[in-house]
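Take this structure, written in structure tokens, and hold onto it; I'll ask about it next.
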Amino acid sequence: MSAIGIVSSCSCLHPAVWLLKPGMHKMSSFGLHTAARCAAKDYYEVLVLGGGTGGIAMSARMKRKVGAGNVAVVEPSKTHYYQPLWTLVGGGAKQLATSARSTESVVPKGVEWIKSRVTALDPDKNCVWLENDIKISYKYLIIALGISLQYEKIKGLPEGFDHPKIGSNYSVHTVEKTWKAIQEFKEGNAIFTFPNTPVKCAGAPQKIMYLSEAYWRKTGKHSKANIMFNTSLGVIFGVKKYADALLEIIKERNITVNYKYNLVEVRADKQEAVFENLDKPGVTEVHQYEMLHVTPPMGPPDVLINSPVSDGSGWVDVDKETLQHKKYSNVFGIGDCTNLPTSKTAAAVAAQSGVLDQTISLVMKNQLPAKKYDGYTSCPLVTGYNKVILAEFDYDAQPLETFPIDQSKERVTMYHMKADMMPLLYWNALLKGYWGGPAPVRKLMHLGFK
């Protein structure tokens, strides 16, 4: 896989810094911990695979549960990114550097960072294999390996990113190319894509479209732009309340939506994008572009495909309410790598982390899990440089909103929450295992308005 086809973790997050648990402010400085290419031990009470959002959050929670030195996280990357910020990086509103911190700085004190890559899982023997044939055994395993970006499944990519006028907010290697393409746009087709696979943060492919439109309107280029959203889906968004609001915005801003159109090839040297009409398999159309934003196909990490812990599609096979593996009672999954039937976002990971913490606590006591995950997820739909629709919903695609207001309305307050508050919540609460989603906030908010 190319350098662009990296495995990465979840996207959108959620608010309410004012309800952080007591004591967390004392943990603002980073402590030292063991970091090595090879594990210092060959057994850990809790082994976490993946150092993304879910992996770091659960590492912090497990360390408090079983003690320092008994938890390890396996993660090959030296840099941890707050990826929800990349929408604003691609739109020129934030700098890429502000989304990055060293992995060493986010791995909790007392947790060993094993800087390696998982090559195989053997849950029947309670062990995993790492690079260089290193075996690590565990009592409990948490799988948080994220989702794999598969640019190479589109003919002409990733090499097409060497050309101008094309970008993608989903990779650290291409997100700044998006902003450059937006700035250099003169006139013609501006095309934004959505693939025919599961994706993380399903709202992100259109968020950058709204930011681009706003920028071109501000710079006097809007009348020269034919903005197109070519999506493999049959709807603009999976929750009707928010879909209706987005369709009104699309109509007002003269944006064209082509449903059931899947990007299959990019001819970057000719500025051509080839789409398959999913309603007519094998039938393709060639669209000329002046600017192209690519949302890549995505799938489970290679190590999970045909793994004993995975379902037939390669996703970690967990109970949708408890996050415990359906076959192996000491194995758990969280985040984008699982087959949980909800949108893959960082907000979902936050809610899942609180449930999983309680699930593991009970399993450790030989009790049945009781806390149930309702599928809560959230996507702050950025519709301009100072506007956001805060979409929150559950497994049934029903709104599950935190605030006692109509969240389908564009709001400046929600934009600042997305751009300014959420990064603070992410670094200082979620990754430290103190934020388990907005359910307590929702309860207080709605009680206060009854």
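The values are calculated or read from the model by the stated rules, or taken from the named source; none is laboratory data. The model shown is predicted, which means the values in this text are computed figures rather than measured ones. Because the Cβ atoms are built from the backbone with ideal geometry, glycine has one as well, and the counts that use them run over all protein chains shown. These area figures cover heavy atoms from the full protein model, side chains too; ligands, DNA and RNA do not enter into them. Shrake-Rupley method; radii C 1.70, N 1.55, O 1.52, S 1.80 Å.
Against the longest principal axis of the chain, how steep is helix 346-364, in degrees 0 to 90 to the nearest 10, with axes from Cα atoms?
Its long axis makes an angle of about 20 degrees.
Is the C-alpha gyration tensor of segment 273-316 telling us rounded, prolate or oblate? Criteria: a/c under 1.5 is rounded; beyond that, a/b larger than b/c is prolate, otherwise oblate.
Cα axes put segment 273-316 in the oblate bin.
Follow-up. Have a look at the chain and give its Rg and Dmax from the Cα atoms, expressed in angstrom.
Using the Cα atoms of the chain, the pair Rg, Dmax is 21.5, 65 Å.
Step through the table entries LYS207/LYS251; LYS78/LYS432; LYS224/LYS418, compare each Cα-Cα distance with 21 Å, and write down the pairs that go over it. Can you show the working numbers first?
Working: LYS207/LYS251 15 Å; LYS78/LYS432 18 Å; LYS224/LYS418 30 Å.
Long pairs (Cα-Cα over 21 Å): LYS224/LYS418.
Further question on the same structure: Under a 5 Å amide H to amide H cut-off, with H placed in plane at 1.01 Å, what residues pair with CYS201 once short-range neighbours are removed?
HN-HN under 5 Å from CYS201: SER11, CYS12, LYS344, THR345.
While we're on this one: Mind running the shape call on segment 151-299? Use the C-alpha gyration tensor, a ≥ b ≥ c as the square roots of the eigenvalues: rounded below 1.5 for a/c, prolate if a/b tops b/c, oblate otherwise.
Taking the square roots of the gyration eigenvalues as a ≥ b ≥ c, segment 151-299 is rounded.
Enumerate the residues in segment 132-161 having an amide nitrogen under 14 Å from the point lying 7 Å beyond the Cα of SER77 toward its Cβ.
Hits in segment 132-161 for SER77 at 14 Å: 144-150.
Follow-up question, since we're still on this one. I need to check one value: relative contact order of segment 355-401, counting alpha carbon pairs closer than 8 Å and at least 6 residues apart, in percent.
It comes to 25 percent, rounded to a whole number.
Going by alpha carbons, how many degrees (0 to 90, nearest 10) lie between the helix axis of 240-252 and the longest principal axis of the chain?
Tilt of helix 240-252: around 30 degrees.
Moving to a separate point now. Between GLU104 and THR219, what is the FRET efficiency for a Förster distance of 45 Å, r being their Cβ-Cβ separation, to the nearest 0.05?
0.65
Further question: Just by accessible area at a 1.4 angstrom probe, what is the order of THR413, THR53 from largest to smallest?
Result of the area sort, largest leading: THR413, THR53.
Any idea what the relative contact order of segment 151-299 is, in percent, if you count C-alpha pairs under 8 Å spaced at least 6 apart? Don't skip to the answer; put the middle values down first.
Values: 283 pairs, mean separation 51.4, N = 149.
Relative contact order here is 34 percent.
Before anything else, pin down the relative contact order of the chain: Cα pairs under 8 Å, at least 6 apart, normalised by residue count, whole percent.
Computed value for the chain: 20 percent relative contact order.
Kindly report the accessible area of segment 111-185 per residue (heavy atoms of protein chains, probe 1.4 Å, no ligands, DNA or RNA), in Å².
40
Could I ask something else about it? Roughly to the nearest percent, how much of the accessible area of the chain is carbon and sulfur, given a 1.4 Å probe?
On the way: 9100 of 18060 Å².
Whole-percent figure for carbon plus sulfur exposure: 50.
Taking θ as phi - 60°, what are the ³J(HN,Hα) couplings along segment 369-380 by the Karplus curve (6.51, -1.76, 1.60), each to the nearest whole Hz, with x for Gly and Pro?
x, 10, 5, 10, 7, 9, x, 3, 8, 8, 9, x
For LYS41 and GLN183, FRET efficiency with R0 = 56 Å and r from the beta-carbon atoms, rounded to 0.05?
Rounded to the nearest 0.05, the efficiency is 0.65.
Something else: Taking the full set of protein chains and a 1.4 angstrom probe, give the accessible area of ILE255 in square angstrom, rounded to the nearest 10.
20
In degrees between 0 and 90, to the nearest 10, how far off the longest principal axis of the chain does helix 175-184 point, with axes built from Cα atoms?
Around 10 degrees separate the two axes.
Would you kindly state how much longer the chain becomes between LYS270 and ILE134 on full extension, computed as 0.36 nm times their sequence separation minus their alpha carbon distance, in nm to one decimal? Please report the intermediate quantities before stating the final value.
Details: separation 136, 0.36 × 136 = 48.96 nm, distance 4.72 nm.
Additional length available on full extension: 44.2 nm.
How much length is gained if the chain between ALA97 and LYS125 is pulled fully straight, taking 0.36 nm per residue apart and subtracting their Cα-Cα distance, in nm to one decimal?
5.9 nm
Now a separate question. How much of the DSSP beta bridge set in segment 151-299 is antiparallel, as a percent to the nearest 5?
Taking every DSSP beta bridge with both residues in segment 151-299, the antiparallel ones total about 40 percent.
Provide the gained length on full extension for the span GLU248 to ASN386, in nm with one decimal, where the gain is 0.36 nm per separating residue minus the Cα-Cα distance.
47.9 nm
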